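Heads up, the thing below is written out as structure tokens.
The values are calculated or read from the model by the stated rules, or taken from the named source; none is laboratory data. Here the structure is a predicted model, which means the values were calculated and not measured. Glycine also receives a Cβ, built like all others from the backbone with ideal geometry; neighbour counts cover every protein chain displayed. Only protein heavy atoms, including side chains, enter the accessible area calculation; ligands, DNA and RNA are left aside. Shrake-Rupley method; radii C 1.70, N 1.55, O 1.52, S 1.80 Å.
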Amino acid sequence: MDLTPAAREVLFRIFPEGIVAIDLETTGLSPLLDQIIELAAVKITPHGQELFHHLLNPDISIATHSTAFHGITDAMVANAPRIHQVLPQLLKYIGALPVVAHNAKYDLGFIAFAAFKQQLRLKDSLVYDSCTFARANVHGPDNYKLSTLAQFMGVELKEHHRAVDDSWACLKIFARTLLAPFKP
């Protein structure tokens, strides 16, 4: 996956050091009760782009309704690392770059709680929510779900509710929204 030249140009004009788009999949909706089972981040800098991706073993069973949502099974994560092994790597990967996520409060809530449990300090990175930004600048979609915005804006999203594709779609939607208020 790649960004268009226009998307790259607008991102680097606003974020000259780069930006990281992040997405995760979980066993449920509560950072207090549920666990991260997939984590992906796409980092775009003037030096290029990098992908960070891990399936994670949550040490609990993944509920059937969760598996139906994202397709991740207990068997897929059985031999995967745990969050305490991966989170320090993710925080180093992000560094002090700004972060964007679709419904950022959800994704960053899980990450912040996992960091708290591990007594890891989060950097003071700026956090942007592509959903909130789209609500203010994109006119016409039925709703502001990632898949709806992707279809509305012509952004490829093959495996929705998988962290790699969703993080790329988030970044592309955010960049297109920065270009100008989007109208069909």
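Which whole-number percentage describes the relative contact order of the chain, with Cα contacts under 8 Å and a sequence gap of 6 or more?
Working: 315 pairs, mean separation 46.4, N = 184.
Result for the chain is 25 percent.
Counting heavy atoms of the protein chains alone, residue 1 has an accessible area of about 90 Å² for a 1.4 Å probe. Rounded, prolate or oblate: pick one for the range 122-184, where a ≥ b ≥ c are the square roots of the eigenvalues of its C-alpha gyration tensor, a/c under 1.5 means rounded, and failing that, prolate if a/b is larger than b/c, else oblate. Since a/c reaches 1.5 but b/c is at least a/b, the shape of the range 122-184 is classed as oblate. Rolling a 1.4 angstrom probe over the range 121-184 with all protein chains present gives an accessible area of which 50% lies on carbon and sulfur atoms. Once volume of the Cα convex hull per residue in Å³ is calculated for the structure shown, the corresponding label among [x] 114; [y] 122; [z] 144 turns out to be [x]. On a per residue basis, the chain carries 51 Å² of accessible surface, using protein heavy atoms and a 1.4 Å probe.
Using the Cα centre as the reference, give the magnitude of the dipole from point charges on the C-beta atoms of the chain (Lys, Arg: +1; Asp, Glu: -1; all else neutral), rounded to the nearest 20 debye. Before the final figure, lay out each step's value.
Working: 16 positive and 18 negative charges, 93 e Å.
Dipole about the Cα centre, nearest 20: 440 debye.
Pairs over the 26 Å Cα-Cα cut-off, from the set 92/158; 117/158; 105/158; 123/158: 92/158; 117/158; 123/158. I'd like the distance separating the alpha-carbon centroids of the range 91-138 and the range 6-30, in whole Å. If you average the Cα positions of each part, the centres end up 9 Å apart.
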